[in-house]
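Encoded as structure tokens, the structure appears first; notes follow it.
Please treat every number below as a calculation from the coordinates, not as lab data. Here the structure is a predicted model, which is why all the values come from computation and not from measurement.
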Amino acid sequence: MPVDEIDRQKWDGFCEAFSRQHHGWLVDVEASDPVWPGSPHAQSLNAEISEYDFQTLDERIAVETIHRKVLMQSVVLQSVSLAYCPSGEEQIVITAETRERKSWTHAVQKPARVRLEHTENGADEALYVDTGRYTIVVRFPITAPMEALDGFVSE
């Protein structure tokens, strides 16, 4: 899948535009180790997984998800924003709402990279915020180009 790396100087504007475009969308928020698509570690991990002789699908899923933890599932995205800690360090703050209409916030401290993954047809699929120690992924369980969702997503 195509991935765009967002230039650090453009993070603030990107976060604002991303929030406007995806406000109200269902998302899953995951934490993982610093294995990102296309990295040498990811390629070697995928090679190891593909060479392993799995006896069951559950066994394969267990191995593939070792490096991933779901923080929140099927929450409504409110915003993704660039903020600053009292120390002046950057953080990217993800705010969502649960089914019970409770606010949920996760601050990614000291972000090093921000990337946006797209489907083959150009729809946004996932936002990656990498710290170098771990990656937070905001994933869209349903992906479609914006024009295909006209009238289905509230503004």
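Data for the structure
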read-out: Cross-link partners of K110 among lysines (Cα-Cα below 24 Å; sequence separation of 8 or more within a chain); value: K10, K69
read-out: Extension gain from E5 to Q73, taking 0.36 nm per residue of separation minus the Cα-Cα distance; value: 22.0 nm
